[in-house]
Each structure stands twice: as structure tokens, then as C-alpha cells.
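J.: Attaching a single structure in C-alpha cells format; questions to follow.
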Amino acid sequence: MSEQQQAFKKALGNYPTGVTVVTTFNENHEPLGLTVNSFASVSLDPLLILWSIDKKSKSYNEFMKTKKFAVNILASEQQELCNLFSSKIEDRFSQCKWQESEQRLPILNDTLSVLECETIQQIDAGDHTILIGHVFNIENTEKEPLLYHRRNVGPIPEEFYKIEAK
């Protein structure tokens, strides 16, 4: 990795993000998922989101073939799920609680939010592919989010919510 690439990774690591696990089924109806923090909203009308996947990812070809996926936004207590879905473990779904949604997507239990999406566009972008999804189902809870910052994950610190009286 070049010095410029290392500096780029460090700069982006300074930007705190939420943590998601993107899930789908493969052609054999086996669930697939991976931890993703390259997730963003695109449009309110229509409801569009994007995320990107490394072309070297083991599940890359499966995500390129699928027509639907779910973005599971992790809650603060779900650090183990973040680690599980970023690991080399083959059958990740055997080690967590999940269910199949009415829209026939694998959904992780007890997440902060879930966005079920139809893939509408795939954009080649260097060593990644950007997937744009049209959101067709949304589930929300009142939990706190899991955050990623400088290669660490954890909850929002209590100080964040404290408001100083002036």
C-alpha cells in the first residue's frame, strides 16, 4: 500500500460512521452478509441508499447477482455481530439470531433499523462497486447506534448527550 493510500485510509478512519451488516440470499437460498460502513443515503424521493463492496470480497459475485438486499443498522450492543460479519467465518448465520422477512430477505434480530432494498444500479468504482438500492421496507427501533471510529467500534459516549446550561 502506498503512502498516499495509507494517508487516505487514516483520514477516512477519522470520520466516525455507523455500522451496518448488509444481507441477502444467494441462488441456493443460503444467507450471506458482511459488515459495511460505506453506507449513505442518496435520495428522499425516491428513497435511495448506497453502499460499496470490495471486488475482492468473497461474497462479491453473489451481491452482484442479487436483486434485493437488506441493510441492518447495528445497535450499540451488537459489536459481536459487527465482528462476526467482518470475520473469515464461513457460516456466519449459524452463530447469530436472524429471520427471513416477508420480503424474503435475511434480517438480523435486535438491530437499530433495517432497510430492505431492491438493487437499481451498480457502479464500477476502482477496487469497489457501488450498489444503489431503492428502499421498499423500513423498520426502526429506539435503540442507540454502534459507531466505528479509528478501527474501533462502540456506543456513543454519554458526554455526547450532555447539554451545558449557560
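J.: Can you find even one residue in region 96-112 that is in contact (Cβ under 8 Å) with a residue 60 or more places away in the chain, assigned to a strand (DSSP E or B), among the β-branched types (Val, Ile, Thr) and over 30 Å from Lys9 (Cβ atoms)?
T.: Yes.
J.: Provide a single number: the residues in region 133-150 that are farther than 20 Å from Glu80 by Cα, surrounded by 17 or more Cβ atoms within 10 Å (Cβ to Cβ) and of a type in the set (A, V, I, L, M).
T.: Within region 133-150, residues that are farther than 20 Å from Glu80 by Cα, surrounded by 17 or more Cβ atoms within 10 Å (Cβ to Cβ) and of a type in the set (A, V, I, L, M) number 1.
J.: Could you identify the single residue in Ile89, Ile120 that is assigned to a strand (DSSP E or B) and either in contact with a helix residue (DSSP H, G or I) (Cβ under 6 Å, 6 or more places away or on another chain) or on the phi < 0 side of the Ramachandran plot (or both)?
T.: Testing whether each residue is assigned to a strand (DSSP E or B) and either in contact with a helix residue (DSSP H, G or I) (Cβ under 6 Å, 6 or more places away or on another chain) or on the phi < 0 side of the Ramachandran plot (or both) leaves just Ile120.
J.: Which one of the conditions (1) surrounded by 11 or more Cβ atoms within 10 Å (Cβ to Cβ); (2) among the hydrophobic types (A, V, I, L, M, F, W, C); (3) under 24 Å from Leu146 (Cβ atoms) does Met64 fail to meet, given that it meets all the rest?
T.: The one condition Met64 does not meet is (3).
J.: Are there any pairs, at least 6 apart or on different chains, whose C-beta atoms fall under 6 Å, with the first in region 113-130 and under 18 Å from Phe25 (Cβ atoms) and the second at pLDDT 95 or above and loosely packed, with under 13 Cβ neighbours inside 10 Å, and if so, which?
T.: What qualifies is Leu115/Ile138; Thr119/Lys67.
J.: Is at least one residue of region 121-141 more than 16 Å from the chain's Cα centre (by Cα) and over 25 Å from Met64 (Cβ atoms)?
T.: Within region 121-141, one or more residues are more than 16 Å from the chain's Cα centre (by Cα) and over 25 Å from Met64 (Cβ atoms).
J.: Continuing with this model, one more query. So, in region 56-80, how many residues would count as being over 16 Å from Glu116 (Cα atoms) and in contact with a Gly (Cβ under 9 Å, 6 or more places away or on another chain)?
T.: Result for region 56-80: 3.
J.: Determine if region 21-35 includes at least one residue that is within 25 Å of Gly154 (Cα to Cα) and surrounded by fewer than 14 Cβ atoms within 10 Å (Cβ to Cβ).
T.: no
J.: List pairs: first in region 32-49 and under 12 Å from Ile73 (Cα atoms), second at pLDDT below 95 and in a strand (DSSP E or B), Cβ under 8 Å, 6+ apart or cross-chain?
T.: Here the result reads Asn37/Thr17; Asn37/Gly18; Asn37/Tyr148; Phe39/Thr17; Phe39/Gly18, each pair linking region 32-49 to a residue that is at pLDDT below 95 and in a strand (DSSP E or B).
The values are calculated or read from the model by the stated rules, or taken from the named source; none is laboratory data. In this text, all values refer to a predicted model and were calculated from it rather than measured experimentally. Note: ideal-geometry Cβ built from the backbone for every residue, glycine included; neighbour counts use all protein chains shown.
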